[in-house]
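J.: First the structure, which I've put down as structure tokens, then a few questions once you've had a look.
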Amino acid sequence: MKVHMLMAGEKQECKELLKSINLMFEEPAWEVVHDGKHAVKAASRMEDLALAFVDVRLPPGDGIRIAGEILRYQKDCQIIYLVNYEDFGTLMKSPGFHTAGYLLRPFSRTGMEAAVQKVCGRWAFLQKMKEGNKDRTPGSDENDLRGNEKSREWEQAEVVSYLAEHFRQEITLEDLADEFKTSRTYVCKRFKQLFGENFSSYLKRLRVEDAKRLLLESQQEVRDIAFETGFQNAAYFTKVFREQTETTPSEYRKRYRNNQ
């Protein structure tokens, strides 16, 4: 399947990103531009634009506004913002930023794969909905979902996408059940079937992985990283982090930052 994508950013950076991202797709079809005006123009004429990588500092300097213009023409398009750490605090408060993917400079292969996987899962599900296969949405048909591998893949992609957007917030099994219009009992059982671990363990692991990234890529205090990644206090964050990594957040930062 050919995936149509748009890259809007600085010329050399776009070139480097394309080398890595092309390896993730069988038939990538790219349009590359370097300013907001041409980004919007490209979006207006592209067919079924799936992903748009947009530098938040895209000339004339407002990548989030440009992304909004892109979505006027391509409502199912998934946006991945290219951001600097110093922009991050302000951007997290901007309307629309939470629901997007993002890549934090300096870019890592792991970060790229995670961001692309997240938004591709959401885009693929939207396309399936457009085709009219609503009978295979999560929670709508328990027997079919349990026995159908394709349905399982779509279901996993939607759950991963939802949690990737909301794991920094206070989130419960009830929230997940409400999102997918099913019961708490069913979502508890189904989550274990899909991911091989319970919801609480998965959520803590997701938060710790994000915390590990911030420990290495930012200058934030450990307590600030704890709150940003969804933990209610620094002491509990340290306890969970040690359980999963056998080291404290401060020790992890010192050990692995020195090795970079």
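J.: So if each residue of separation counts as 0.36 nm, and I subtract the Cα-Cα distance between Phe107 and Asn84, what length gain in nm does that give?
T.: Numbers: separation 23, 0.36 × 23 = 8.28 nm, distance 0.99 nm.
Net length gain for the segment: 7.3 nm.
J.: What is the extension gain from Gln244 to Trp30, computed as 0.36 nm multiplied by their sequence separation minus the C-alpha to C-alpha distance, in nm to one decimal?
T.: 73.1 nm
J.: Using the count of nearby Cβ atoms within 10 Å as a rough guide to exposure, how do Thr245, Thr238, Thr185, Thr229 rank from fewest to most?
T.: Thr185, Thr245, Thr238, Thr229
J.: Still on this structure: Aspartates and glutamates near Lys181 by alpha-carbon distance under 14 Å, same-chain residues fewer than 8 away left out - which ones?
T.: Correct list for Lys181: Asp135, Asp141, Glu142, Glu155, Glu158.
J.: Rounded, prolate or oblate, given the Cα gyration tensor of the stretch 202-257, with a/c below 1.5 counting as rounded?
T.: rounded
J.: Would you please name the trypsin sites (Lys or Arg not before Pro) within the stretch 174-260 that are DSSP coil residues with at most 12 other C-beta atoms within 10 Å of their C-beta?
T.: Lys181
J.: Calculate, in nm to one decimal, what Asn198 and Tyr256 gain on full extension: separation in residues at 0.36 nm each, minus their alpha carbon distance.
T.: Length difference between fully extended and current span is 18.0 nm.
J.: Okay, next question. Let a ≥ b ≥ c be the square roots of the eigenvalues of the Cα gyration tensor of the stretch 2-115; is it rounded (a/c under 1.5), or, if not, prolate (a/b larger than b/c) or oblate?
T.: rounded
J.: Can you list residues from other chains, or at least 5 along the same chain, whose modelled amide H is less than 5 Å from the amide H of Met7?
T.: Residues meeting the amide H criterion: Glu31, Val32, Val33, Phe53.
J.: Could you pull out the pairs from Lys212/Lys239; Lys11/Lys37; Lys212/Lys254; Lys192/Lys212; Lys41/Lys75 whose alpha carbons sit more than 19 Å apart here?
T.: Violating the 19 Å Cα-Cα cut-off are Lys192/Lys212.
No lab work stands behind these numbers, since they all come straight from the coordinates. For clarity, every value in this text was computed on a predicted model and none was experimentally measured. All Cβ positions, glycine included, derive from the backbone under ideal geometry; neighbour counts span all protein chains shown.
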